[in-house]
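Q: The structure's right below; bear with me while I get my questions together.
The values are calculated or read from the model by the stated rules, or taken from the named source; none is laboratory data. Just so you know, these numbers come straight off a predicted model, no measurement behind them. In this analysis, Cβ positions are derived from the backbone assuming ideal geometry, glycine residues included, and neighbour counts consider all displayed protein chains. Accessible surface areas use protein heavy atoms only, side chains included; no ligands, DNA or RNA. Shrake-Rupley method; radii C 1.70, N 1.55, O 1.52, S 1.80 Å.
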Amino acid sequence: MEHVTAVPSWAMLAYLVSGVLFILALRGLSSPATSRAGNRYGMIGMTIAMVTTLVTHGIASLPEIAGAIAIGGGVGFVTARKIKMTDMPQLVAAFHSLVGLAAVLVGLAAYLNPQAFGIAGADGIIEPQSRIEMGLGIAIGAITFSGSIIAFLKLAGKMSGSPILLPGRHVLNLGTLIAILGLVAYFTQDQSQWVIATITVLSFIIGFLLIIPIGGADMPVVVSMLNSYSGWAAAAMGFTLHNTAMIITGALVGSSGAILSYIMCKAMNRGFLSVIAGGFGAEAAAGGGAAKEQRPWKRGSAEDAAYMMKEAENVIIIPGYGMAVSQAQHALREMGDVLKKEGVNVKYAIHPVAGRMPGHMNVLLAEANVPYDEVFELEDINSEFAQADVAFIIGANDVVNPAAKTDKSSPIYGMPVFDVDKAKTIFFVKRSMGGVGYAGVDNDVFYMDQTMMLLADAKKMVEDIVKALAH
Amino acid sequence: MDFISILSIFVMACFVGYYVVWSVTPALHTPLMAVTNAISSVIVVGALVASAAEGSAVSKWLGLGAVVLASVNIFGGFAVTERMLAMYKKKEKK
């Protein structure tokens, strides 16, 4: 009976240490000041886990393993260096898909060679409990993989962001999920290849089906949710391998993704189930076009904006996804710098769902060298709009829509929004009057007395304002 | 290790995760996702076990494939997090 790969106790201790280092890595993110040290802890933890595994297992195939790490590591490192900050959401989605696929491959490898993982006797019969863990790990991994691929395609604009609604999709999805769970249960009785193969294929399919009906605006929730799944997949594999580092990490990542999904849903006043069911934005966009009435609005110029902001005491800038699309963050910081020199108090206000992933706007502003202590969250700054002379909205729309506070029939009713209507003057940078936000609803702010619309590409407009400020 | 001890570690870790993640500042939510991505690639441990083991050639190659994928994530995830975190600066004191 040499099959049981007994892990020496020092190795168990090492895995525990790496698990603790991962906890410290997340703990470091509680403030930008401690975050970099946290990231280092994460790297050390990963190194400990990998070295421990290599030392405690036969290293007969070290050259191949070193080659695999070098190839993967090289690709990852170069991608991380080159990626534009605006493309971060799709990069994260792509990374999630890799974790998912890796989980599937590890699960299948464990199925084919269970003795190596210490989960089967010499006769090759896998322990029933390990079969459940393996089956679930493969299923969650496969869902993470195919779901993340769809999320990636939607975020990268390689696929339409609008929801794709299949007829009878709820029945179809539920049926497939039940079939997968049923097969995992049956797998404990019969470890034939067809069972594990069907689980894998069905899980890949359900991953696609679950994400295609979800529209672009709900992508922050989807990305967070897939983040959570990749964690649960790692945890399931940790159960199979009896590995503490994997279990701790899986639980951390799983809860992290779940909490982020919760925060995003709350910031949109949507139920998690309604996001997952998908289709948001499809109905409103279809019905809204005809009913829209013509209302008067005022058009402003870069000079107007420059003049008003130079004279102002307090300016609050509200960036949204449109700023990311037009890469206006650097020009915006330049504008902020000029205004600050003129003695204006400039602050940035960020809504939790601005952009395509949690914290997206903060990263872009940080990239443009905006100090993080000038950037404020919704609840910290919302009371200051009453004292603001200018609210400068750039590439945001739904997050400043007062209908969320007043119009019970609006699809975004109940969503917490910025009280921009309390500001003395509003500048609204937008490409054209025609477009509406992702929720497909009209915005009263466009037509308010104190609002001036600045219709142009965001980056171009901000650059013009900077030029006008110089005069 | 028996199932109950493993389950206990898992449940405790879920609670730790819950409290640690709530303390993360919203400004760092994108780096949080990038770093959780990197650490969830600790699944590489399973991939290494499969690649190192003898007995099944298919299993070994599946393992090596998983090592490549997980390494993309580990190196990419930590590097991109490092890059983002380096950008967060405080206001310069005048």
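Q: Consider only pairs whose beta carbons are under 7 Å apart and that are at least six residues apart or on different chains; among these, list those whose first residue lies in the range A:331-348 and is assigned by TED's automatic domain parsing to the domain that holds residue A:308 and whose second residue is crowded, with 16+ Cβ neighbours inside 10 Å and small (Gly, Ala, Ser).
A: Listed by first residue and then by second, the contacts come to A:332/A:368; A:333/A:368; A:344/A:312; A:346/A:336.
Q: It is to be established whether one or more residues within the range B:49-59 are more than 7 Å from chain A (Cβ to nearest Cβ) and over 15 Å from residue A:42 (Cβ atoms).
A: Yes, the range B:49-59 contains at least one residue that is more than 7 Å from chain A (Cβ to nearest Cβ) and over 15 Å from residue A:42 (Cβ atoms).
Q: Here's something else I'd like to know. Out of the range A:376-409, which residues are out of contact with any strand residue (DSSP E or B) (no Cβ under 9 Å at 6 or more places or on another chain) and of a type in the set (S, T, N, Q)? Show your work before the answer.
A: As a first pass, look at the range A:376-409 and keep what is out of contact with any strand residue (DSSP E or B) (no Cβ under 9 Å at 6 or more places or on another chain): A:379, A:383, A:386, A:398, A:401-409.
Within the range A:376-409, A:383, A:401, A:406, A:409 meet the criteria.
Q: Considering the range A:217-246 alone, what residues qualify as being open to solvent by less than 10 Å² (accessible area, probe 1.4 Å) and more than 17 Å from the chain's Cα centre (by Cα)?
A: Those that are open to solvent by less than 10 Å² (accessible area, probe 1.4 Å) and more than 17 Å from the chain's Cα centre (by Cα): A:233, A:234, A:235, A:237, A:238, A:240, A:243, A:245, A:246.
Q: Quick one: is residue A:66 open to solvent by less than 20 Å² (accessible area, probe 1.4 Å) and either of a type in the set (Gly, Ala, Ser) or more than 24 Å from residue A:208 (Cα to Cα) (or both)?
A: It is false that residue A:66 is open to solvent by less than 20 Å² (accessible area, probe 1.4 Å) and either of a type in the set (Gly, Ala, Ser) or more than 24 Å from residue A:208 (Cα to Cα) (or both).
Q: Which of (1) at the interface with another protein chain (Cβ under 7 Å from one of its Cβ atoms); (2) surrounded by fewer than 16 Cβ atoms within 10 Å (Cβ to Cβ); (3) among the polar types (S, T, N, Q) does residue A:9 not meet, given it meets every other one?
A: (1)
Q: Ok, one more. Evaluate the range A:406-414: report whether one residue or more is buried (at least 21 other Cβ atoms within 10 Å of the Cβ), assigned by TED's automatic domain parsing to the domain that holds residue A:308, under 16 Å from residue A:319 (Cα atoms) and touching a residue at least 40 places away in the same chain (Cβ under 8 Å).
A: no
Q: Conditions first: (1) touching a Leu at 6+ places or on another chain (Cβ under 6 Å); (2) more than 16 Å from residue B:45 (Cα to Cα); (3) at the interface with chain B (Cβ under 8 Å from one of its Cβ atoms). Residue A:45 passes all but one, so which condition is the exception?
A: (2)
Q: Just name the residue that is nearest to the chain's Cα centre (by Cα) out of those in the range A:247-276 that are free of Cβ contacts under 8 Å to residues at least 40 places away in the same chain and buried (at least 24 other Cβ atoms within 10 Å of the Cβ).
A: A:257
Q: Give the residues of the range A:113-129 that are closer than 17 Å to residue A:237 by Cβ and small (Gly, Ala, Ser), sorted by residue number.
A: A:116, A:118, A:120
Q: Separate question: Tell me the residue from A:86, A:53, A:79 that is of a type in the set (Ser, Thr, Tyr), out of contact with any Lys or Arg (no Cβ under 8 Å at 6 or more places or on another chain), crowded, with 16+ Cβ neighbours inside 10 Å and more than 8 Å from chain B (Cβ to nearest Cβ), please.
A: A:86
Q: To continue, here is another question. Using beta carbons and a limit of 6 Å, which pairs, at least six apart or on different chains, have the first residue in the range A:110-130 and open to solvent by 60 Å² or more (accessible area, probe 1.4 Å) and the second one assigned to a loop (DSSP other than H, G, I, E, B)?
A: From the range A:110-130, the pairs are A:112/B:56; A:122/A:3; A:127/A:119; A:128/A:188.
Q: May I pose another question? Which numbered condition trips up residue B:68, out of (1) at the interface with chain A (Cβ under 7 Å from one of its Cβ atoms); (2) at pLDDT below 95; (3) farther than 27 Å from residue A:260 by Cα; (4) in a helix (DSSP H, G or I)?
A: Only one criterion is unmet by residue B:68, namely (2).
Q: Over 14 Å from the mean Cα position of the chain (by Cα), open to solvent by less than 10 Å² (accessible area, probe 1.4 Å) and over 22 Å from residue A:17 (Cβ atoms): does that describe residue B:28?
A: yes
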